[in-house]
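*Asks:* I have a structure I would like to understand better, so I am pasting it below and will then ask my questions one at a time.
The values are calculated or read from the model by the stated rules, or taken from the named source; none is laboratory data. Here the structure is a predicted model, which is why all the values come from computation and not from measurement. Methodologically, a virtual Cβ is constructed for each residue, glycine included, from the backbone with ideal geometry; neighbour enumeration extends over all protein chains shown.
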Amino acid sequence: MAELVRLTHHGDVAVITIDNPPVNALSPGVPEGIDSALKQAVADASIRAVVVIGAGSTFIAGADIREFGKIVAGERPKLTLLPYLLAIEDSPKPVVMAIHGQALGGGLEVAMAGHYRVLAAKAQVGQPEVKLGIIPGAAGTQRLPRLAGVVKALEMCTDGNPIKAQEAVSLGIADKIIEGDLLEGAVAFAREVAGKPVPKTRERNEKLQGVAPAVFETARAQARLKYRGLRAPQAAIDAIEAATKMDFTAGCEEEARLFNEVLFSSEAQALIHSFFGERAVGKIPGLPKDIKPIEIRRAAIIGAGTMGGGIAMNYANAGIPVIVKETAQEPLDRGMGLIRNNYAKTVARGRLTQEAMDQRMALITPQLTYDGFEQADIITEAVFEKMELKKQIFGELEKIAKPGAILATNTSTLDIDEIAAATSRPTMVVGTHFFSPANVMKLLEVVRGKATSPEVITTAMGLGKKLGKVAVLAGNCHGFIGNRMLEPYFREAQFLVEEGASVEQVNQAMYDFGMAMGPLAVDDLAGLDIGWLIRKARAPHMKPGLRVPLVADKLCEQGRFGQKAGRGWSKYDENRRPSPDPETAALIESTARAAGIERRVISNEEIVDRCVFGLINEGARIMEDGIAQRAVDIDITYIYGYGFPAWRGGPMFYADTVGLPKVLARIEEFEKKHGADLWTPAPLLEKLVAEGKKFKDFDKQKEG
Ligand code: ZOZ
Ligand code: NAD
């Protein structure tokens, strides 16, 4: 195995290089390696200063996140990074940290233990631990406020976002930006400071003085709002407050106590699962590794509605020219107007320059013809959700698209194979299911048909990354992964109101569980007419006598299509603020009474269990059917596409956390009460329970 840490001499400067690909994480052996190299450098009389640098594309991306799971499982002792960092700071010879790429988490903690920090112009530094449900554990909460000030440290440790080199220098986190060769610049800098007394971050207390207690109270209140239900941001604030109240050693002890508390939390396990899950979904078992993706230089979209417009923005944002075709001038103008408005809002918020907006708008060509489609590498259909229309369009595309162009559909439910059969090139057909609003939502569900070629699958998955999305691969069935699971979720939400819960109670219970919005609020936002159309199309295929929700169709018959109509499950004012709608409540009651449904008091626990266990049971079937490759694919789909709380790890991880025997028992209870048609436990769930296994064991087996 290659050495994790190397020591070389550049004249009178020692250079310690960390070489632990891909991101120089502080895996076992790295801190020890730095320590031993430093000891050698200090003992060497020919050396006057030390530079620490990362090999490859980055400095240090933090602790090795894989180790955390082992610590929690009791397979590894606690990490002890702090003593090594104290040794760096206590070095009598100056230690210059030379940072390119990222210094994140433990990486920034290592950097702050050095006496100086120099940065490459594109470097970034940050304390992203909260995103993993933990806090800095090697004095980050004690050293960062000493360098950057308490307010900035609070911001960086609670939002977890990195900052750029220039800001790091102006805040005092780093000393200077090196233009040109970083190592050369760092060595020259080290020579300049050699022989001078070494500044120690832990002894710099000026920025800790006179901080009003209100600063922490405000930070806590903001974090409660912004990071609903999360403990780690609060713990990070506690640790930074400790830095202002205790000496450095006591502050570090307090930080370690808080670090251990959060490390063992279910929030941290879930967020760490999400971190690796987000990366795991890109790995597709069974696809040859050496496939060359098709290069996407030009794109075209059919339909400039809600989705077509958002998808066009994705391409423009990635610098890819895109044509948008409509049937008539009016919808085309409306679509382009929406795109322009969306960009203008971002400019007004200061998140985009006018110049960048103009460049992006210039990449989008609106038109009523197929002109230029023959040059597109990918054509995405985003017209109404009607099979006949989609087939007609794919038939037309066949004649226009160049050979080798990907023919994608944004359908949310329809059969990809049936659409593909409308062309003579089914291998080129794929579902690229964007989520609304497509310019914002991070999920891209890539749907493979039975004929979709490996090149097309690989390209579509890679396209997700190019467009800044997380792409998950799904198989072809009604609703694929995400919307198929949504069916029992929405169904139960509606049954619950028919059985006596109020619309507000159902929404609030699911919001309190952690969902971004309650299910009936989502329905109102998306538009009740969408589900109505789908239900009408599916009605002939439904099992006769099966209990179906009764109220949604009635709301639609009255034109209560949700937010856009000002009324749906709730009432909406001109600012789209909801309030309870007595007319809806009366309609629910009369409908339930007429259907002979007994109304009763329903607990929030029942609401959560029926909605979430409905999702989980269908998720297990989806795994069994091979529609989802792994449980983690479902988790990531739900976190990024449906507002499932990442700190619960996604529905399948949540089921593992609750315990599959408990989940099964509750589903069996629902089966007895509400019938086998709706609640028969998924055979995979029963099998895993019988074997004493979890969904995550299923994933391990899949990965071999
Ligand atoms: O990978 C991106 C990133 O953001 N990584 C995570 C950074 C982070 O969260 N760091 C904080 C870690 S926690 C910490 O450091 C706690 C702490 O305070 C230490 C305290 C010690 C304990 C004291 C106890 C008392 C990054 C921006 C770096 C790179 O992005 P890219 O898009 O270029 O690449 P990715 O994300 O695809 O990553 C490439 C491969 O590297 C794996 N990886 C990344 N960061 C890792 C890591 N593996 C372990 N540990 C990390 N910190 C990543 O999973 C991916 O692997 P493959 O197998 O999918 O290729
Ligand atoms: P929409 O009604 O907002 O837009 C559809 C657009 O397609 C309209 O502007 C219409 O004029 C245009 N159109 C119809 N026939 C056309 C043709 N032959 N040529 C060119 N343009 C044509 O619909 P939407 O919400 O954008 O949905 C589009 C697709 O995306 C559907 O398949 C839908 O199921 C799917 N989808 C929608 C959402 C959502 O939340 N809205 C989310 C994911 C997927």
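*Asks:* Looking at region 604-652, which of its residues are under 19 Å from the mean Cα position of the chain (by Cα) and of a type in the set (Phe, Trp, Tyr)?
*Replies:* Correct list: TYR638, TYR640, TYR642, PHE644, TRP647.
*Asks:* Could you count how many residues in region 656-687 are touching a Lys or Arg at 6+ places or on another chain (Cβ under 8 Å) and within 22 Å of ILE272 (Cβ to Cβ)?
*Replies:* The number of residues fulfilling the criteria is 3.
*Asks:* Out of the residues in region 560-592 that are in a helix (DSSP H, G or I), over 13 Å from PHE495 (Cα atoms) and not hydroxyl-bearing (Ser, Thr, Tyr), state the one that is modelled with the lowest pLDDT.
*Replies:* So in region 560-592, the residues in a helix (DSSP H, G or I) come out as 563-565, 582-592.
Filter once more, so that each one left must be over 13 Å from PHE495 (Cα atoms): 563-565, 582-587, 590.
Next, only the ones that are not hydroxyl-bearing (Ser, Thr, Tyr) stay: 563-565, 582-583, 585-587.
Details: GLN563: 93, LYS564: 89, ALA565: 94, PRO582: 97, GLU583: 96, ALA585: 97, ALA586: 97, LEU587: 97.
Looking at residues that are in a helix (DSSP H, G or I), over 13 Å from PHE495 (Cα atoms) and not hydroxyl-bearing (Ser, Thr, Tyr), I get LYS564.
*Asks:* Could I ask something else about it? Out of (1) surrounded by fewer than 24 Cβ atoms within 10 Å (Cβ to Cβ); (2) closer than 25 Å to GLY180 by Cα; (3) not polar (S, T, N, Q), what's the single condition that is false for ALA111?
*Replies:* All conditions pass for ALA111, except number (1).
*Asks:* Also: Let me confirm something: among GLY106, GLY101, GLY62, GLY56, which residue is within 18 Å of GLU184 (Cβ to Cβ), under 27 Å from the mean Cα position of the chain (by Cα) and near ligand 1 (Cβ under 8 Å from one of its atoms)?
*Replies:* Values: GLY106 fails: within 18 Å of GLU184 (Cβ to Cβ); GLY62 fails: within 18 Å of GLU184 (Cβ to Cβ); GLY56 fails: near ligand 1 (Cβ under 8 Å from one of its atoms).
Every option except GLY101 fails the conditions.
*Asks:* Any idea which residue in region 274-323 is nearest to ligand 2 (Cβ to nearest atom), counting only those that are outside any helix (DSSP H, G or I) and among the charged types (D, E, K, R)? Break it down stepwise before answering.
*Replies:* Quick first cut of region 274-323, residues outside any helix (DSSP H, G or I) only: 281-305, 318-323.
Remaining after also requiring among the charged types (D, E, K, R): 283, 289-290, 292, 295, 297-298.
Details: LYS283: 25, LYS289: 31, ASP290: 33, LYS292: 29, GLU295: 25, ARG297: 23, ARG298: 18 Å.
It comes out as ARG298.
*Asks:* Only residues in region 462-478 that are within 24 Å of GLY319 (Cα to Cα) count as the first member; pair them with residues that are of a type in the set (Ser, Thr, Tyr), Cβ under 7 angstrom, at least 6 apart or cross-chain, and list the lot.
*Replies:* VAL470/TYR640; VAL472/THR637
*Asks:* What's the number of the only condition in (1) assigned to a helix (DSSP H, G or I); (2) touching a residue at least 60 places away in the same chain (Cβ under 8 Å); (3) loosely packed, with under 13 Cβ neighbours inside 10 Å that GLU605 fails to meet?
*Replies:* Single failed check for GLU605: (2).
*Asks:* While we're here: For a quick check of your reading: which helices (runs of 4 or more DSSP H) sit entirely within region 367-486 and have at least 2 residues that are over 21 Å from the mean Cα position of the chain (by Cα) and within 11 Å of ligand 2 (Cβ to nearest atom)?
*Replies:* On the way: elements: 387-400, 416-420, 454-466.
Answer list for region 367-486: 387-400.
*Asks:* Let me spell it out: the conditions are (1) under 25 Å from LEU132 (Cα atoms); (2) in a loop (DSSP other than H, G, I, E, B); (3) among the hydrophobic types (A, V, I, L, M, F, W, C), and ALA45 meets all of them except one. Which number is the exception?
*Replies:* (1)
*Asks:* If you don't mind, there's one more thing I want to ask. Could you check how many residues of region 279-332 are closer than 24 Å to ALA382 by Cα and of a type in the set (Lys, Arg)?
*Replies:* Here the count works out to 3.
*Asks:* Name the residues in region 65-94 that are more than 20 Å from LEU258 (Cβ to Cβ), within 12 Å of ligand 1 (Cβ to nearest atom) and surrounded by 19 or more Cβ atoms within 10 Å (Cβ to Cβ), would you?
*Replies:* Across region 65-94, the qualifying residue is only TYR84.
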